[in-house]
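Structure first, commentary second.
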Amino acid sequence: MSQPSQIDPRGPQFTAALTAVVLALVLLTAPSPFGIALLAVQAALFAVGVGLGVQRGPWAVLFRRVVRPRLAPPAHLEDPAPPRFAQGVGLVFTLVALAGYLAGAPVVGAVATGFALAAALLNAVFRFCLGCELYLVIRRLLGSSRERSDRVEILPDRTHVSDAAGNGRQNETDNRPENKEKVIT
């Protein structure tokens, strides 16, 4: 079974909401064995998102089978690469947190967990995926030193991404039809 080339943007937002609940529980219970085990489970969930793709994680499957059928079709679909990168960022923070707690440095564990929680909440509540934005910035920086296959135009209220074929999408922050503009390629 091949992975879809585009994903419903509400799926990663749903995943972020559940991730935020898990990470909040970690902050409330760590450094107890339960809190550390919960953090290890969250790290494993991030690893699945990175290794198999955001479409294959347990929260994504729950969204696709239970939640999405009850919703209207999405206004647009998005590239899964930025959320997959964001899962990698989350994995790094949860591994640092896990190492901190296991090494007897609960402050390191709590701070790293807090950063991951803040990013998950930004996505869940405001549809602002910090890791996705970091992905776009890195792509833009790497693209400036070699021929770019994608163009990223960062505007005050929105981000527009266009691939080499001229297919574009706007970030969730401003997706009203009257605010769409053409991308210069």
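Read-outs throughout are calculated quantities, based only on the coordinates presented, and are distinct from any laboratory measurement. All values reported here derive from a predicted model rather than from experimental measurement. Every residue, glycine as well, gets a Cβ built from its backbone with ideal geometry; the counts of neighbours run over all protein chains shown.
Observations on the structure shown:
- Test: P73 is assigned to a loop (DSSP other than H, G, I, E, B), surrounded by fewer than 21 Cβ atoms within 10 Å (Cβ to Cβ) and out of contact with any strand residue (DSSP E or B) (no Cβ under 7 Å at 6 or more places or on another chain): yes
- V66 surrounded by fewer than 18 Cβ atoms within 10 Å (Cβ to Cβ), free of Cβ contacts under 8 Å to residues at least 12 places away in the same chain and farther than 23 Å from V26 by Cα: yes
- In segment 78-110, residue surrounded by the most Cβ atoms within 10 Å (Cβ to Cβ) [restricted to those that are of a type in the set (V, I, T) and farther than 16 Å from L38 by Cα]: V89
- Which numbered condition A17 fails, given (1) touching a Gly at 6+ places or on another chain (Cβ under 9 Å); (2) in contact (Cβ under 8 Å) with a residue 60 or more places away in the chain: (1)
- When D8 is tested against (1) without any contact (Cβ under 8 Å) to a residue 12 or more places away in the chain; (2) buried (at least 17 other Cβ atoms within 10 Å of the Cβ); (3) charged (D, E, K, R), exactly one condition is not met: (1).
- Count - residues of segment 89-116 that are in a helix (DSSP H, G or I) and either of a type outside the set (A, V, I, L, M, F, W, C) or under 23 Å from P12 (Cβ atoms) (or both): 19
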